[in-house]
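The values are calculated or read from the model by the stated rules, or taken from the named source; none is laboratory data. Just so it is clear, the structure is predicted and the values come from calculations on it, not from any experiment. Here the Cβ positions follow ideal geometry from the backbone for every residue, glycine too, while neighbour counts run over all protein chains shown.
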Amino acid sequence: MKNEPIVVSKTAICFVGGAAVADTAFSAVAPLVAAYVGVDGGADHLLDRDIMPKAVIGDMDSLSEAARDRFSDLLCHVAEQESTDFEKALTRVAAPHIIALGFTGGRMDHALSVLNVMARHLHRTVLLVDADDVSYLAPQGDSVITMSAGARVSLMPLGDVHASVSGVRWPFTDWALNPTGRNSASNMAMGGPVRISAQGPLLVTLPLAHLVEAVTNGVRVQ
């Protein structure tokens, strides 16, 4: 799916969706993003916090009248129903990283659809953030992230994946992973570099305390 970008940025943009967003998540993300994009009803979170987005993108079926009025000049209505609001936004925003709030912790089908979109857009760097975690797709090939000892490291395949990981309590080499087979959902950093090699859509989930490391190290091919 190719579309002309609605928002173009040389630095990270924050998408805000309609699921609950903790204040702690907003606070953690704020220093790392240049601007915000409301994704349909997620614009109401921005209205509540008096944040002016660059755009509001979606089919507008869950946007409040108050947000519709406040952001009337910024509404980018995409009426087609072949893609989710998250995908509508992702394919219309050009930025090196997307940090996404309000896409987990709500309806399970919505969260799963976001993961589906991420798996189909491997070339895009998206970090899902909530009150507890940051999740992103491991870069294809090798990457490294510095983790504190005892920190949780979860590796979940979103499709067929070949992966290796070191620097954790239970390292492995060249495992074949898939959503209905083997995964590494519960592992633990030993302290220092955690090296991940992935071919295929491998979701990495870390504690929110490691958000900065995820952005600056975990999403960069080494």
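Things to note:
- For the range 125-165, the candidate set comprises residues that are of a type in the set (Val, Ile, Thr) and over 13 Å from the mean Cα position of the chain (by Cα); within that set, the residue that is farthest from residue 208 (Cα to Cα) is 161.
- Selection of strands (runs of 3 or more DSSP E) fully inside the range 1-65 by the criterion of at least 1 residues being assigned by TED's automatic domain parsing to the domain that holds residue 126 and on the phi > 0 side of the Ramachandran plot returns 55-58.
- At least 3 residues being surrounded by fewer than 18 Cβ atoms within 10 Å (Cβ to Cβ) is the threshold, and among the strands (runs of 3 or more DSSP E) wholly inside the range 144-222 those reaching it are 152-157, 161-166, 172-177, 184-188, 192-199.
- Residue ID - farthest from the chain's Cα centre (by Cα), chosen from residues in the range 43-67 that are at pLDDT below 95 and either under 18 Å from residue 29 (Cβ atoms) or charged (D, E, K, R) (or both): 61
- Filtered residue count, the range 84-135, keeping only those that are surrounded by fewer than 22 Cβ atoms within 10 Å (Cβ to Cβ), closer than 17 Å to residue 53 by Cβ and either in the same structural domain as residue 154 (by TED's automatic domain parsing) or touching a Phe, Trp or Tyr at 6+ places or on another chain (Cβ under 8 Å) (or both): 0
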